[in-house]
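No value in this document is a laboratory result; all are computed from the given coordinates. Since the model is a prediction, treat every value here as computed from it, not as a measurement. All Cβ positions, glycine included, derive from the backbone under ideal geometry; neighbour counts span all protein chains shown.
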Amino acid sequence: MDAYDCIVTKLEIREFDANIPVSSETRLKILESARLTGSSLNTQPWRFIVVENQNNLKKLSDDSTSGKWVSGANFAIIIITNPYFRFHLIDAGKVAQNMQLAAWNFGVGSALFTGMYEDKIREDFAIPLDYKPVIVVGFGYPRKKITGKTKKKNRLPMNELVSFEEYGSFTNKNRP
Ligand SMILES: Cc1cc2nc3c(=O)[nH]c(=O)nc-3n(C[C@H](O)[C@H](O)[C@H](O)COP(=O)(O)O)c2cc1C
């Protein structure tokens, strides 16, 4: 799959096939895509906690407000970033997207959540005070075969998104 196909077909996957584990080689490649992600001023303000133990995945699910589905993932990665660095939230978003795209390239589905009980997740996963849990990504092989090609993505049309030279200007009919 080339990079463009990977981006345009990727969907959030929240239902995973419990019978097919993700190999440690594939998981390592997903982590390598995180490690090699660019960050603001190359500060690399992130650390990653891999959660694969079933009891801990259940805890992660209990600690979430918008990611209960993570209990069914094969493994999850908690992305923690240091808020001392001004762009840490942008960096967290970039690293999550790279991991999700790397996974999709290998046929592994994923979804992320951001809603969590911060105190609980800190306590359960020993997250130090100088890091903030920002995003959790759950990974696993999709239960149903589905891609952005078979399920049309629910997105705004180009002509509501893009203008040229100044906001709201769609002067050239040949443009999107
Ligand atoms: C910043 C951000 C926060 C999100 N938070 C959650 C979340 O808390 N729980 C969840 O299940 N999905 C979450 N998502 C995933 C979105 O629901 C998903 O990207 C969107 O619905 C498009 O999904 P699709 O690509 O499958 O069409 C989040 C996505 C982003 C970019």
(message) Amide H of Gly109 versus every other amide H placed in the peptide plane: which residues, excluding those fewer than 5 positions away on the same chain, fall under 5 Å?
(response) Gly140, Tyr141
(request) With unit charges on the beta carbon (Lys/Arg positive, Asp/Glu negative), name the residue among Asn82, Asn105, Tyr117 whose Cα is farthest towards the positive pole of the charge dipole of the chain. (result) Asn105
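Roughly what % antiparallel, to the nearest 5, for the DSSP beta bridges in the chain?
Details: 20 of 21 bridges.
Percentage antiparallel, nearest 5: 95.
Only four residue types carry charge here, +1 at the Cβ of Lys and Arg and -1 at the Cβ of Asp and Glu. Report the dipole size of the chain about the Cα centre in Debye, rounded to the nearest 20. Before the final figure, lay out the partial values.
On the way: 24 positive and 19 negative charges, 121 e Å.
In total the dipole reaches around 580 debye.
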(request) Give me Rg over Rh for segment 1-118, both radii from the alpha carbons and Rh done the Kirkwood way, two decimal places. (result) 0.95
(request) Read phi for every residue in segment 2-8 and hand back ³J(HN,Hα) as whole Hz from Karplus 6.51 cos²θ - 1.76 cosθ + 1.60, θ = phi - 60°, with x for Gly and Pro. (result) 7, 4, 5, 4, 4, 5, 7
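How do the peptides 109-121, 39-51, 152-164 rank, highest first, by the average count of neighbouring beta carbon atoms within 10 Å per residue? Write out the running numbers ahead of the final one.
On the way: 109-121: 18.4, 39-51: 15.8, 152-164: 9.3.
Packing proxy ranking, top to bottom: 109-121, 39-51, 152-164.
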